[in-house]
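A short write-up of the structure that comes next.
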Amino acid sequence: MGVVYIGDRAAGKTHLALELANPQNHCVKVSYPDYNVLKSQLYSQEIASTVATSQTTDTRQLDIQVQLPTGLRNISLDWIDSSGENWRESWQQHNPQKWQSFLDILRESEGILLILSPYREIITIGNPEDFITEQQWCNRFAGWVDFFESQCPKLRHLLLCLNKADLFCNIQQEGKLLGYSPDNSQLNWQQRNDHVFKRYFRPIKQQIIELNRKTDINSVRYFITTIKNRYLLELPWIYLGTFLGY
């Protein structure tokens, strides 16, 4: 099953993927590419993008291994790596071939990890004004609903990851509650999902209802992620390995 990793502009997708590849892991390991190779590639790309007149969009392949009690599960991931410019209509018009290649991947994908930035009203650390309002956040997600309906006919599993959790919750407390342990997890997957939705995703309840009405998605799962807590960082991938790996 094809799995794609995409997200909002400035949602922290690159740092999240790089930290996932960190050798100091728990149950999830990026087997390809090597951490240092990926780090150097992303660093070079970051330098290039600061002097480029327009942002580029690259598709990267990541091979991920998840260690479960039943053994190792492998996930092959297409990471649509961009600054978010590809969502602008002007970029699509000026880069039709790249936009078409991007759509071709998504149209064949059954699983998508969507990385979202937090909304202003939830922020407790830092400057809330750096983030969009809750209403803007809901409107942006409504755009994703329309996109999934029109461009992702094979999508069956959608994982929504509200990133930068260290800015809006106690990540040690949530990591301890939500974190996965093969021997002694406090919550099962449904309980984790209910907890995260009720606490962090409730504003888009109507959009989720609309998503379920418009598409054939089997399940929408909710996560909070951050590069500062390994348990929260790994959880979406452990879920994928548990239910969708091969």
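Details
- Charge context of Phe141, other residues only, Cβ under 12 angstrom, K/R +1, D/E -1: -2
- Euclidean distance of C-alpha centroids, the range 105-158 and the range 190-206, integer Å: 14
- Among Pro23, Pro128, Pro96, the residue with the largest mean-square fluctuation in a Gaussian network model of the chain, with springs joining Cα atoms closer than 10 Å, is Pro96.
- Largest mean-square fluctuation among Leu233, Leu38, Leu114, in a Gaussian network model of the chain whose springs join Cα atoms under 10 Å apart, belongs to Leu38.
- On a per residue basis, the chain carries 49 Å² of accessible surface, using protein heavy atoms and a 1.4 Å probe.
- The simple Förster model, with R0 at 25 Å and r as the Cβ-Cβ distance, assigns Lys214 and Ser76 a FRET efficiency of 0.35.
- Accessible surface of the chain, 1.4 Å probe, proportion on carbon and sulfur as whole %: 46
- Highest-first packing order for the peptide set 201-208, 30-37 is 201-208, 30-37, based on the mean count of other beta carbon atoms within 10 Å.
- Residue order for His195, His94, His26 - accessible surface, 1.4 angstrom probe, largest first: His94, His26, His195
- Mean separation of Cα contacts under 8 Å (6+ apart) over length of the chain, as relative contact order %: 25
- Solvent-accessible surface (1.4 angstrom probe) belonging to Tyr231, in square angstrom, nearest 10: 100
- Accessible surface of Glu149 - all protein chains present, 1.4 Å probe, nearest 10 Å²: 90
- Scattering curve values for the chain, log₁₀ I(q)/I(0), Debye with Cα scatterers, q = 0.07, 0.08, 0.10, 0.16 Å⁻¹: -0.22, -0.29, -0.46, -1.33
The values are calculated or read from the model by the stated rules, or taken from the named source; none is laboratory data. Note that the structure is a prediction, hence the values are computed from the model and not measured. Virtual Cβ from ideal backbone geometry, glycine too; neighbours counted across all protein chains shown. When the accessible area is computed, the model is the full protein with side chains, heavy atoms only, and any ligands, DNA or RNA have been set aside. Shrake-Rupley method; radii C 1.70, N 1.55, O 1.52, S 1.80 Å.
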